[in-house]
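Only the coordinates and a few stated rules stand behind these numbers; no lab work does. Bear in mind the structure is a predicted one, so any value in this text is a computation, not a measurement. As a convention, Cβ positions derive from the backbone with ideal geometry for all residues, glycine included, and neighbour counts pool all protein chains shown.
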Amino acid sequence: MQQRASIRFRVVFFVLTAAMLAFAFIHSAMPAQVSAEESGGVLDFLYSLLPRLGISMELTDHIVRKLAHFTEFTVIGMLATTCAYSFDRLQPYRYSVCVLFTGLAAAVTDETIQLFSEGRSGQITDVLLDFSGVVTGMLFLLLCFMLYIQIRKRKGKE
């Protein structure tokens, strides 16, 4: 018997997934100058924060941009996996192909948007980076969901 999440749960996570995709696509549509200013602000923030945490690290604008892409798409992978989980809570991996396809389509779309943004370019390597973020987010949440299912089964047997 499948256990499905409530409609409210599904709607919330579909909306969050769509919002995160919109966030990524809006940032990809920014002209290069605006994007560089934003990345520079994040870089300045990290340089002020890291020493306070006792971390000494050499960061560049390029590294910050790549980390941002990977992080955005890791979150997208986690949200899409949660959407899939809402359809079958006993076998959360059942919809993994859909999550992967959606993540790949989002990564390709994101880089395609950059082809039409002033001063930006779409990169195949960024598609791979974005997709690896989706895979990372999906695998992390699948592991969490499977552990949760195992814990619930054990508690039910006690």
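In the range 117-148, what residues are surrounded by fewer than 17 Cβ atoms within 10 Å (Cβ to Cβ), touching a residue at least 24 places away in the same chain (Cβ under 8 Å) and farther than 17 Å from S96 by Cα?
E118, G119
Which ones in the range 90-123 are assigned to a loop (DSSP other than H, G, I, E, B) and of a type in the set (D, E, K, R)?
E118, R120
Within the set of pairs 6 or more residues apart or between chains, which connect a residue that is without any contact (Cβ under 8 Å) to a residue 24 or more places away in the chain inside the range 83-111 to a residue that is among the β-branched types (V, I, T) and buried (at least 17 other Cβ atoms within 10 Å of the Cβ) with Cβ atoms less than 6 Å apart?
Every condition considered, the pairs that remain are A84/V99; V108/V127.
Surrounded by 10 or more Cβ atoms within 10 Å (Cβ to Cβ) and not in a helix (DSSP H, G or I): does that describe L59?
Values: surrounded by 10 or more Cβ atoms within 10 Å (Cβ to Cβ): yes; not in a helix (DSSP H, G or I): yes.
For L59, the condition - surrounded by 10 or more Cβ atoms within 10 Å (Cβ to Cβ) and not in a helix (DSSP H, G or I) - is met.
Kindly provide the set of residues from the range 20-54 that are surrounded by fewer than 11 Cβ atoms within 10 Å (Cβ to Cβ) and within 18 Å of the chain's Cα centre (by Cα), ordered by number.
A22, I26
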